[in-house]
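The values are calculated or read from the model by the stated rules, or taken from the named source; none is laboratory data. The shown structure was predicted, so the numbers you read here are calculated from the model rather than taken from an experiment. As a convention, Cβ positions derive from the backbone with ideal geometry for all residues, glycine included, and neighbour counts pool all protein chains shown.
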Amino acid sequence: MATAALASEDPLSPAASGPDLDRRHHPLARLLFLLLIAGGFAFACASVVIDTQQVGETLAVSVFAFLALALVIALGFEFVNGFHDTANAVATVIYTNSLPAHFAVVWSGFFNFLGVMLSSGAVAYAIITLLPVELIINVGSAAGYAMIFALLIAAVLWNLATWYVGLPNSSSHTLIGSVLGVGLANQLMASGSLSGTAGVDWSQAQKVLSGLAMAPVIGFVAAFVLLFAMQRVLRSRALYEAPRGDAPPPGGIRALLIFTCTAVSFSHGSNDGQKGMGLIMLILIGCAPTAYALNRTMPESATPVFIQSAERAATVFAARGGSAPLPPENARAILTRSLQTRAVGTPEAQAAIATISRDVADRVSGYGALAKVPAAATRNLRADMYLVLDSTRLALKDKATAAQFSPAEKAAIEGYGKQLEQSTRYIPLWVKIAVALALGLGTMVGWRRIVVTVGEKIGKQHLTYGMGASAELVAACTILAADRFGLPVSTTHILSSGVAGAAVANGQGLQARTIRNMALAWCLTLPVAMALSGGLYWLLLTIVRLFGNA
């Protein structure tokens, strides 16, 4: 009797009407979907061919096939990210009857696409900087390829596993765990090195993980406070009541919910899409370094600025070098050892930074522009740039070393670092388009499992208009702020926690089983992804070395 009474009170019980999640797509829509997928991949492959031909680089058939496979996996990660993470954005408009389910996912997919296309690119390399320096510099080696495949496959597998059981887990969390797993495995395989270029940059990892750890707290608390404030300022009862049957909300409330869904979709694309861009650039640099290792889009007029910046920074480091100029070969060896021990504050290391900086400036000056660097010199020039970039960044991070420099000298070093980043880190337009298509199209499939969890299984009662609006406003604002500062954050963590916080503020209880399962998935993601990627990295590298191709 009690069970029947509870069922009758529950708006989502079989007796009540719920959103239509099972209507099939029109055959023409499915055909268009498949054509867009095929066309997007063909566009990516054609762009690679055009870019490499323009710089005189010819890819062997085997290399091109390898590159195509890597692109399939990288874009597959973004596709899975689309239906795994973006389902959080559409759950609120679907369960408040603001938009029909299938229209909502198409709408969200379009704004995911737009978010990627208009993204700043600041987040693209934030996760990449967690990887071991030696693997990034030598990304075209066997270890570099093993790294890319291991972390991508691990991230896709865990994303699919959590999606299958309907848990709104974070793709960002998964990818970061996979990156850390590869770094840790490489560190252990490099004779157990405790620091340096073989392992993870734990200072950067702490920064990224702190953001992920704070995301659920921010989502819960901010949504709770926002809904609590709304209840005292906006007195409309309809805003805090569950929808009645299939009736859409009042016009103003509906517009608000559609706006918040749009904002979350756009911000998700602007932040999460960039992670795939960074990984794809690593793949391209490894397979086609002549075309992608340097930013050949920089105009020739930027060369004098780069050279002046390099000379100013080199002067700062040379003043503390305490020795005569070094041959470039010796300077590289010294700087590599200094990075491995994370001791770039010694006179010897600073003299090495000055030597390589001036050598890089001389070479760029001799070519006239990055676009004119010949194929044979591209990989070595980028390796030197990255070696100096990581060394200068470490010098400014280390308090003892940074204390040696005046504010003006620090500004000169930071300016040189920005020039090096612009020279080695860029995103071609076609990469943005390919990632935007993968993320946007991914939004339109596989969304039901996560939508049902967010819409039905977090709070004990039906999602209200106010709950949906407050959770999504918090998510959109948080993600856009993170994008502004170049920080990767989790849409899933923020929005799911926001729904929970809004449910509590609205006087609802939380479904303990769902909250427990979500928390368990979030806690397991990091160690499981690390174990998967680390194990795959070891396996792939062992296989390659077994066949004598390392």
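Values for this structure:
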quantity: Of the criteria (1) part of a helix (DSSP H, G or I); (2) without any contact (Cβ under 8 Å) to a residue 60 or more places away in the chain, which one residue 340 fails; calculated: (2)
quantity: Considering residues of the range 292-323 that are under 11 Å from residue 358 (Cβ atoms) and hydrophobic (A, V, I, L, M, F, W, C) only, the residue surrounded by the most Cβ atoms within 10 Å (Cβ to Cβ); calculated: 317
quantity: Answer residue from the range 390-412, given it is among the hydrophobic types (A, V, I, L, M, F, W, C) and not in a helix (DSSP H, G or I) and is surrounded by the fewest Cβ atoms within 10 Å (Cβ to Cβ) among those; calculated: 403
quantity: Positions within the range 483-503 being within 14 Å of the chain's Cα centre (by Cα), hydrophobic (A, V, I, L, M, F, W, C) and either surrounded by fewer than 23 Cβ atoms within 10 Å (Cβ to Cβ) or over 19 Å from residue 177 (Cβ atoms) (or both), in sequence order; calculated: 485, 487
quantity: Candidates 83, 41 - the one that is aromatic (Phe, Trp, Tyr), surrounded by 17 or more Cβ atoms within 10 Å (Cβ to Cβ) and farther than 13 Å from residue 437 by Cβ; calculated: 83
quantity: Residue check for residue 386: aromatic (Phe, Trp, Tyr), touching a helix residue (DSSP H, G or I) at 6+ places or on another chain (Cβ under 8 Å), closer than 27 Å to residue 51 by Cα and buried (at least 16 other Cβ atoms within 10 Å of the Cβ); calculated: yes
quantity: Residue match in the range 205-222 (condition: modelled with pLDDT of 85 or more, buried (at least 24 other Cβ atoms within 10 Å of the Cβ) and within 28 Å of residue 124 (Cβ to Cβ)); calculated: yes
quantity: Condition met for residue 326 (at pLDDT below 90, buried (at least 20 other Cβ atoms within 10 Å of the Cβ) and in the same structural domain as residue 401 (by TED's automatic domain parsing)); calculated: yes
quantity: The listed residue being over 15 Å from residue 277 (Cα atoms), out of contact with any helix residue (DSSP H, G or I) (no Cβ under 9 Å at 6 or more places or on another chain) and modelled with pLDDT of 85 or more, out of 150, 38; calculated: 38
quantity: Filter result for the condition that a residue is part of a helix (DSSP H, G or I), farther than 27 Å from residue 341 by Cα and assigned by TED's automatic domain parsing to the domain that holds residue 179, over 122, 91; calculated: 91
quantity: Which numbered condition residue 259 misses (of (1) in a helix (DSSP H, G or I); (2) touching a helix residue (DSSP H, G or I) at 6+ places or on another chain (Cβ under 8 Å)); calculated: (2)
